[in-house]
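Peer 1: There's a structure below that I have some questions on.
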Amino acid sequence: METHRAPWECSFRKEEKSRCMPGAIPKSDTEYFEVMSLCILQAGLSWGTVRKIWPKLKKGFDQFDIEILSMKNPAELLKNPNIIKNPKKVAGLIENAQKFKTIRRNYRSFYHYLETLKTSSDKGAIKRLANDFKHLGEYSAEYFLHSIGYWK
């Protein structure tokens, strides 16, 4: 089964009833955070637009380094020409980086946090993610779980 790293790499197959194959499981908390951030930043934009500017976004958001981003000031970060100028999304990413640090303290890693979601129904896991993270609605949370190979 083919996996993908970014949503725009998602492959559709007729034999799978046009269902996108699950994404590749990230190897680090930073990779999990990057995919979540991508799902948040993409909301309301076309995948084509996000794909074109993704290298700039990664640079603007310090490669989605959780430690660095968690210490940023939203007003200062909004001055960076390499980011999407949505104050709520920017503040949300910073808060989410802080949440990832809390998750590391409480669960050792984001992967272990995700394992606790598997005791819930799929809908329960989606709702918990949407509640735990800023600017991650239920649709984005579901897409995030799919993109990280949560349902294999």
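Peer 1: Tell me the residue from A141, A125 that is touching a helix residue (DSSP H, G or I) at 6+ places or on another chain (Cβ under 6 Å), closer than 15 Å to V35 by Cα and hydrophobic (A, V, I, L, M, F, W, C), please.
Peer 2: On the way: A125 fails: closer than 15 Å to V35 by Cα.
None of the others qualify; the one that does is A141.
Peer 1: So, in the range 138-152, exactly how many residues are crowded, with 21+ Cβ neighbours inside 10 Å and in a loop (DSSP other than H, G, I, E, B)?
Peer 2: 1
Peer 1: Tell me which residues, restricted to the range 20-55, are surrounded by 16 or more Cβ atoms within 10 Å (Cβ to Cβ), hydroxyl-bearing (S, T, Y) and part of a loop (DSSP other than H, G, I, E, B).
Peer 2: Correct list: empty.
Throughout, read-outs are computed from the coordinates displayed, never taken from laboratory work. None of these values were measured; they are calculated from a predicted model. Note: ideal-geometry Cβ built from the backbone for every residue, glycine included; neighbour counts use all protein chains shown.
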